[in-house]
1. Taking 8 Å as the Cα distance limit and 6 or more residues as the minimum spacing, I'd like the relative contact order of the stretch 5-200 as a percentage.
2. Any idea what % of Cα-Cα pairs in the chain are farther than 29 Å?
3. So for R182, R104, R172, what's the accessible-area order with a 1.4 Å probe, most first?
4. Which order, highest average first, do 54-64, 195-205 follow once you tally other Cβ atoms within 10 Å for each residue and take the mean per peptide?
5. At a 10 angstrom cut-off on C-beta neighbours, averaged per residue, how do the peptides 154-161, 110-117, 10-17, 39-46 rank from highest to lowest?
6. How much accessible area per residue does the stretch 5-200 have, in Å², with a 1.4 Å probe?
7. Quick check: with the 1.4 Å probe, what order do M125, M86 take by accessible area, largest first?
8. In the chain, carbon and sulfur make up what percent of the accessible area (probe 1.4 Å)?
Amino acid sequence: MNYHRFVVVGDSCAEGLDDPYPGSHQYRGWADFVAARLAEDEPRFRYANLAVRGRRLDQIVPEQIPAATRLAPDLVALFGGGNDVMSRGWDARTVARRVDAAIRACTEIAPVVVTFTLSDVSRRMPLGSRMRPRIVALNEAIREAAVSYGAQLIDLWPDPAVTDSRYFGADRLHLSEHGHRRLAAYVLARLGLGHDPAWLAPLPGAA
C-alpha cells in the first residue's frame, strides 16, 4: 500500500530527540526515516511532524489533532505518554483515559494509525523503581486502546536494544541515530514495507 499523507503527533520521542541532522540543530529521528522511505513509493507524498517536546497526551489531542485533521492524512503515527509517566500526581486510570482518547482521536482522522509502547527505560531514569510500574501501566493502556480502535502497535517493551547505551543520546533517555533507525525499521516492517536490514542488525562490539 502506498501512503500519500503521513502525519506524526506526540512528544519529544516523536519529534526526533536526540538525533539532529549532521551539522544542524534540526532533529531528524525515526519519523523522517520512515517518511523518506514512504516517499520512494509515492511521488506526491506529503509529510508533517507536529510533535512537540514536553507534551502530555491530554495536551497532544487538543493541540495537535486539529492541525493533523486539516492535513487529511492516510497514515498517522502517535508516540506519547512518557511525560504522563513522569508527571506529578500520576494516576493510572487518568492516564489510561488519556491514552484511549488520543488513540481514538487518531483513528478518527486516518485509516491507518501506528502507536508505540515504551521500552523499559526505567533503569535510565531517576527514581527508576518508581517509574517502572507507571511505564507498565501506560503500556497496558496503549495495548488495550490499540486493540479497541484497530491501531497498529509497535511494542517496544521487549526490545533488547534498551540495554545498549549506543542506541540512546547524551541524556540516556532519548534515542540516538542508531535508535531512531531501529525504530523506523520497526514501523516500516509493521506497515509491510522494506527497509535497510542494517537498521535492525546488532551493533558491532560491546554495548
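1. Details: 351 pairs, mean separation 47.3, N = 196.
That works out to 24 percent.
2. Details: 3930 of 21321 pairs.
For the chain, the fraction of Cα-Cα distances above 29 Å is 18 percent.
3. Values: R182 30, R104 90, R172 120 Å².
If we order R182, R104, R172 from most to least accessible, we get R172, R104, R182.
4. Numbers: 54-64: 19.1, 195-205: 11.2.
The most tightly packed comes first, giving 54-64, 195-205.
5. Details: 154-161: 16.0, 110-117: 22.0, 10-17: 23.6, 39-46: 12.5.
Ranking the peptides 154-161, 110-117, 10-17, 39-46 by packing returns 10-17, 110-117, 154-161, 39-46.
6. On the way: 9090 Å² over 196 residues.
Accessible area per residue, the stretch 5-200: 46 Å².
7. The residues order as M86, M125, largest area first.
8. Values: 5220 of 9940 Å².
The C+S portion of the solvent-accessible surface of the chain is 53 percent.
The values are calculated or read from the model by the stated rules, or taken from the named source; none is laboratory data. This one's a predicted model, so the numbers in the text were calculated from it and none came from an experiment. Counting neighbours? That spans all protein chains shown, and the Cβs are built from the backbone with ideal geometry, glycine included. Ligands, DNA and RNA are stripped out before the accessible areas are found, and what is left, the full protein with its side chains, is counted by its heavy atoms. Shrake-Rupley method; radii C 1.70, N 1.55, O 1.52, S 1.80 Å.
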